[in-house]
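Okay, so here's the structure we're looking at.
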Amino acid sequence: MKAYKEILGHWLLQRISAAFLIAMIFIANVSTLILLNILLLWHIHMGIEETLTDYVHREVTRNWILILLRIFFLIIMKYVFVFFVF
């Protein structure tokens, strides 16, 4: 039962973040672009994490890929923030 609730929660978060992304595209201005980028990267991360869970069966490999993916997203977010500040 716990696994079902966790899967449902993940599914709901993906749908909610997608709805917020669509809404933010229509109201995007300079102040919301940073939030839009954070939300976009978070949505991408959740989707890739779900895909890895389904198709990469070795937990060690999946965890290393997720760690490297998070580092990659942190680097991307750094450049997004530097771009918007300057």
Inset, instruction - Just name the residue that is surrounded by the fewest Cβ atoms within 10 Å (Cβ to Cβ) out of those in region 31-81 that are more than 23 Å from L21 (Cα to Cα) and either of a type in the set (A, V, I, L, M, F, W, C) or touching an Asp or Glu at 6+ places or on another chain (Cβ under 8 Å) (or both). - result: V60
Legend entry - Unique residue being β-branched (V, I, T), part of a helix (DSSP H, G or I), at pLDDT below 85 and out of contact with any helix residue (DSSP H, G or I) (no Cβ under 6 Å at 6 or more places or on another chain) when the list is I38, I34, I16: I38
Legend entry - Matching residues, region 41-58, being part of a helix (DSSP H, G or I) and of a type in the set (A, V, I, L, M): L41, I44, M46, I48, L52
Inset, instruction - Mind counting the residues in region 22-49 that are closer than 20 Å to L74 by Cβ, within 15 Å of the chain's Cα centre (by Cα) and not small (G, A, S)? - result: 15
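The values are calculated or read from the model by the stated rules, or taken from the named source; none is laboratory data. Since the model is a prediction, treat every value here as computed from it, not as a measurement. Glycine also receives a Cβ, built like all others from the backbone with ideal geometry; neighbour counts cover every protein chain displayed.
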